[in-house]
1. Once the piece of chain linking residue 135 and residue 54 is laid out straight, how much longer is it, given 0.36 nm per residue of separation minus the C-alpha distance between them?
2. Let me have the 222 nm mean residue ellipticity of the chain computed from DSSP H runs of 4+ only, each contributing -39500 (n - 2.57), with the sum over all residues rounded to the nearest 500.
3. Taking the Cβ of residue 125 as the centre, find all other residues whose Cβ is under 13 Å away and add up their charges (Lys, Arg: +1; Asp, Glu: -1).
4. Given [x] 42; [y] 22; [z] 34 as candidate values of percent of Cα pairs over 33 Å apart, which corresponds to the one derived from the coordinates?
5. What length, rounded to one decimal in nm, is gained on full extension from residue 217 through to residue 16, with 0.36 nm per residue of separation minus their alpha-carbon distance?
6. Could you list which residues have their amide H under 5 Å from that of residue 79, counting only those 5 or more apart in sequence or on another chain, with H placed in the peptide plane?
7. Distance in nm between label sites at residue 167 and residue 69, each 7 Å beyond Cα in the beta-carbon direction?
8. How much FRET efficiency would the formula 1/(1 + (r/R0)^6) give for residue 9 and residue 44, where r is the Cβ-Cβ distance and R0 is 51 Å, rounded to 0.05?
Amino acid sequence: MVRLVVTRLTGAVAVLLTVSLLVFASGEALPGDVAQLMLGEGASQEAVAQLRQQLQLDRPAPERYLGWLGGMVSGDWGVSYTTRRPISEILPPRLANTALLTVLTVLVAVPVALGLGILMALFAGGRFERSTSVVLLGLSAMPEFMLATLAVLIFAVKLRWLPAISNLSITDGPLEAARALTLPVLTLSLAIAAQIARMTRATLVNLADRPFIEMAHLKGASRLRVILVHSLANAIGPLANVVTLNIAFLISGVVVVETIFAVPGLAQLMINSVSTRDMPVIEACAMIFCCVYVLLLAAADLLGTAFNPRLRRSR
């Protein structure tokens, strides 16, 4: 198991190095001169050359990449082109808002999805299970931007219960913060809860024909006890893998939801920086998202292996 952990972490580092190279190369491939865009078309060549020197854009690309990579590893994320502030000062409040949104979504979506999946397995083949499966399948097929748009139309425009714009501030109290985050959390929760609930139901139903489940029924155990005690205990590994994978996929939904609801988080910062060609900020945000995504995928793989003795023996 230790060797597997080392192998997965080594692979994650290799993937992140590849991603860092692709992110930097994508910024270099964009047309136009950053210094010229910052100063405007009417700027003189001397001013553009001076700004390029200040931003170290006159250095060769490989040298700038290695300097950026080394600074990122050591905690020096560079300076924003537009605000001239250190990125290490810009990121923490934005990262805190994104982390809060993600954690609240996980705390809401995962228990609801697991409970719903258990109920579907308990009433498998019945009207409740069939109707719930149809609803969950529809939610799984809907992209985050459509769910967010419907949530705004219903709860913000029609009912006027919640704000359509989630402007979080450090001065907001718990009630204001809860109102601001309700719609984004609801949107993201619907997106991942549908997948987790369906996989929970499928995992528990697939265990129904196992010998130990049949033995539990023969001993007189109720269907509820069989699912909660026997089936669920043997489904921990696959369910942990499913939950972790859905949390990883949540990252793409965060980008969409923060943009629609104007949540002042990391994703909105990255989107706003794209319009101004603020490459240091874009690269920092992209690497944070990629790092979290890769680590969650590695964690999902390790959890699936840890709870499956056959996989541990094969590796």
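1. Length gained, residue 135 through residue 54: 23.5 nm.
2. When only DSSP H runs of four or more count, the value is -24500 deg cm²/dmol.
3. Neighbourhood net charge equals +3.
4. Entry [x].
5. Contour length minus Cα-Cα distance gives 67.5 nm.
6. Residues meeting the amide H criterion: 87.
7. Rounded to a tenth, the inter-label distance reads 4.2 nm.
8. 0.50
Where a number appears in this text, it was derived from the coordinates with a stated rule and is not lab data. Treat the numbers as computed from the prediction; the structure is a model and nothing was measured. Because the Cβ atoms are built from the backbone with ideal geometry, glycine has one as well, and the counts that use them run over all protein chains shown.
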